[in-house]
1. Enter the Cα centre distance for the pair segment 174-248 and segment 102-155, rounded to the nearest angstrom.
2. Between LEU101 and LEU211, what's the calculated FRET efficiency when r is the beta-carbon distance and R0 is 41 Å? Round to 0.05.
3. Take the alpha-carbon positions of segment 20-77, form their convex hull, and give its projected area averaged over all directions (one quarter of the hull surface) in nm².
4. Probe 1.4 Å, all protein chains in place: accessible area of ARG177 in Å², nearest 10?
5. Helix 154-174 against the longest principal axis of the chain: what's the angle in degrees, Cα atoms only, rounded to the nearest 10?
6. Pop out the carbon and sulfur fraction of the accessible area of segment 39-161 as a percent, whole number, probe 1.4 Å.
7. Under a GNM of the chain (C-alpha, springs under 10 Å), which listed residue has the highest mean-square fluctuation: SER142, SER169, SER43?
8. Local charge sum around GLY245 (other residues, Cβ-Cβ under 15 Å, Lys/Arg +1, Asp/Glu -1)?
Amino acid sequence: MKRLEGRAALVTGAARGIGREIAFLFASEGAAVAVADLSAAESVAAAAEIASATGSRTIGLELDVSKEASCDGAVGEAKKAFGGLDILVNNAGITKDNLVLRMKETDFDAVMSVNLKGAFLMSKAAAKLMLKARFGRIINISSVVGQSGQAGQANYSASKAGLIGLTKSLAREFAPRQVLVNAVAPGFIRTRMTEGLKDEAKAKISEMIPLGRMGEPGEVAKAALFLAGGDSEYITGQVLAVNGGLYM
Ligand SMILES: NC(=O)c1ccc[n+]([C@@H]2O[C@H](COP(=O)([O-])OP(=O)(O)OC[C@H]3O[C@@H](n4cnc5c(N)ncnc54)[C@H](O)[C@@H]3O)[C@@H](O)[C@H]2O)c1
């Protein structure tokens, strides 16, 4: 028996990277999956590839999580296609790194707007369906730097720490209706977000990680699957670290 048979999921920022792995794994486990990302063409292409590899139903949606109308529209499309929405993964995220004294106000606002406000808007839209259905799973992709802080990432780490506060507040509000809300906090994962790092920096990072290497997107996806599936039904408001022991 597949672990997400009969469930409908929407993953934001799912055209590539960690989001795509999550969408792929959920579809492999039988879920119908909405792949939602900034580019409609890339979302549709990723959705088609996932459908043909897994045999599950998918749709590709254009979504900008920083815009309320876009979030409401994407959730509406998923409901229309799948008849409801059981699982939401708030994965879309951006970085605009700089030291604080050089960080522009617009760079601070842009990161907050996608990483933190985006999760709020999507959760609000999805919760309307989940609370009514008295079932739901919301998974927020935070980051180790939201827990530890990081020089050069004041905006990003603040947004990811904020996401943990949002997770806990939503968990408390939604628990009476069996809507569980948890966060996954990945460490350094090999995706486009980290591929810009120099080899030297990557080697230094790996030295700091007790497990001695960066993580793979699929390793984050497995944690999201655990929180989305039936094995986590007494878990809400938690932060699951997937960081090779980097931060404990
Ligand atoms: N890669 C890492 O080491 C790492 C570590 C910790 C946390 N994370 C988090 O994991 C998530 C995925 O990261 P990734 O490494 O796969 O990054 P990525 O850059 O490869 O993918 C991010 C995706 O989000 C999409 N996106 C950006 N802005 C959006 C918006 N406004 N609306 C909808 N989609 C938008 C992008 O188009 C892209 O497809 C992010 O939230 C990131 O902060 C990544």
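1. 15 Å
2. Working: r = 34 Å, r/R0 = 0.84.
Working from the Cβ atoms, E equals 0.75.
3. 3.5 nm²
4. Per-residue accessible area (ARG177): approximately 90 Å².
5. The angle comes out at about 30 degrees.
6. Using a 1.4 Å probe with all protein chains present, segment 39-161 comes out at 54 percent carbon and sulfur.
7. Residue with maximal mean-square fluctuation among SER142, SER169, SER43: SER169.
8. Charge balance in the 15 Å sphere: -1.
The values are calculated or read from the model by the stated rules, or taken from the named source; none is laboratory data. Here the structure is a predicted model, which means the values were calculated and not measured. Cβ atoms come from the backbone with ideal geometry, glycine included; neighbour counts cover every protein chain shown. All accessible areas refer to the heavy atoms of the entire protein, side chains included, with ligands and DNA or RNA removed. Shrake-Rupley method; radii C 1.70, N 1.55, O 1.52, S 1.80 Å.
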